[in-house]
Amino acid sequence: MREQLQKTNNQHPMIQVKNLSVVYGHQTILSHVSFDVKHGEIAAVIGPNGSGKTTLIRAILGLIPFDGEILIDGQLPSHVRSHVGYVPQRFRFDPDFPITVREYLDLSKTHVHKYEYAHKLKEVGLETSILHKPLGSLSGGQLQRVLIAQATIDHPTLLILDEPSTGIDIVGEEQFYELLKSQRDQHGTTVILVSHDIAVVSNVVDQVICVNKRLVCFGPPRQALTQEKLSELYGKKDASLYSHHHHN
């Protein structure tokens with residue numbers, strides 16, 4: 001897969017979104033959104049609640065119908081699903097259900113040997129002893145790392161995370177973003193994440209994709225996150241809450 005990544009690096013962006021529109025009934029969720037994300041970039045999707053961020057992610061994953069075109073490494077999303085890792089916004093499960101971390105990882109990765117689990121857990125900052133712990137006993141930060149380990153164990157060329165730092169404390173959040181950077185740097189993984197935390201993403205990501213039903217801004221954080229664009233994205237009343245962050 002790494003070989004494939006090198007071959008395609010100069011041929012296609014990792015993600016091409018062209019004139020994307022999503023309509024539910026008579027309600028337009030996204031309208032004429034277009035952007036590219038290059039191989040090996042970390043891009044953040046930002047915007048207010050209800051702006052269409054999760055809908056955009058679901059469209060890129062090929063989970064919902066849409067108008068327009070989405071290509072992943074030059075191919076339709078349905079053709080490259082095995083190369084895409086995904087961590088959803090909410091991972092719902094019964095915390096009392098008797099399943100261990102190892103058993104959870106086994107559910108979708110039955111061909112992966114134990115030593116590979118150990119290597120991946122170490123990569124996400126977890127001890128191998130966690131394999132024997134019940135999934136329901138983990139802290140928010142531990143669970144998030146297990147989800148990322150599961151999503152990246154086959155070294156996907158694209159990793160998509162929908163508000164992945166929810167429920168993680170500040171220290172854990174900093175470690176989490178370092179983890180994303182290491183995925184990119186060690187494996188060439190392209191990362192797309194939905195985030196509300198402009199202060200952090202502006203110092204971590206290569207591109208920001210600002211959506212509020214349409215594409216409001218796109219580009220490197222220092223260029224895209226101007227006071228004018230933040231006001232357009234969040235409304236003048238709320239923009240002041242975010243405007244100081246991107247000058248760090």
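For the reader, a short list of remarks on this structure follows.
- Checked against the criterion of being assigned to a strand (DSSP E or B) and more than 16 Å from the chain's Cα centre (by Cα), the stretch 11-18 contains one or more residues that satisfy it.
- Within the stretch 138-161, being part of a helix (DSSP H, G or I) and touching a residue at least 40 places away in the same chain (Cβ under 8 Å) holds for LEU143, GLN144, VAL146, LEU147, ILE148, ALA149, GLN150, ALA151, THR152.
- Search result, residues across the stretch 179-203 that are more than 13 Å from the chain's Cα centre (by Cα) and of a type outside the set (S, T, N, Q): ASP185, HIS187, GLY188, ASP197, ILE198, ALA199, VAL200
- Matching residues in the stretch 49-85 - criterion: being surrounded by fewer than 20 Cβ atoms within 10 Å (Cβ to Cβ), over 18 Å from SER21 (Cα atoms) and either of a type in the set (Val, Ile, Thr) or touching a Leu at 6+ places or on another chain (Cβ under 9 Å) (or both): VAL80, ARG81, HIS83
- Residue list for the stretch 1-27, restricted to those being at pLDDT 95 or above and surrounded by fewer than 17 Cβ atoms within 10 Å (Cβ to Cβ): GLN16, LYS18, ASN19, SER21, VAL23
- Looking only at the stretch 230-248, and only at residues there that are crowded, with 20+ Cβ neighbours inside 10 Å and out of contact with any helix residue (DSSP H, G or I) (no Cβ under 7 Å at 6 or more places or on another chain), the one that is modelled with the lowest pLDDT: TYR234
- Hits in the stretch 154-203 - residues which are modelled with pLDDT of 80 or more, among the charged types (D, E, K, R) and crowded, with 17+ Cβ neighbours inside 10 Å: ASP162, GLU163, ARG184
- Residue satisfying condition, being modelled with pLDDT of 90 or more, surrounded by fewer than 20 Cβ atoms within 10 Å (Cβ to Cβ) and in contact with a Leu (Cβ under 7 Å, 6 or more places away or on another chain), within set ILE42, ILE99: ILE99
- Residue in the stretch 41-58 that is farthest from the chain's Cα centre (by Cα), counting only those that are in contact (Cβ under 8 Å) with a residue 40 or more places away in the chain and over 15 Å from LEU230 (Cα atoms): GLY52
- Flag if VAL37 is at pLDDT 95 or above, under 22 Å from SER195 (Cβ atoms) and in contact with a Gly (Cβ under 8 Å, 6 or more places away or on another chain): no
- Residue in the stretch 124-146 that is in contact with a Pro (Cβ under 9 Å, 6 or more places away or on another chain), of a type outside the set (D, E, K, R) and at pLDDT below 80 present: no
The values are calculated or read from the model by the stated rules, or taken from the named source; none is laboratory data. Note that the coordinates shown come from a computational prediction; the quantities given were computed from them, not determined experimentally. Glycine gets a Cβ as well: all are built from the backbone with ideal geometry, and neighbour counts include every protein chain shown.
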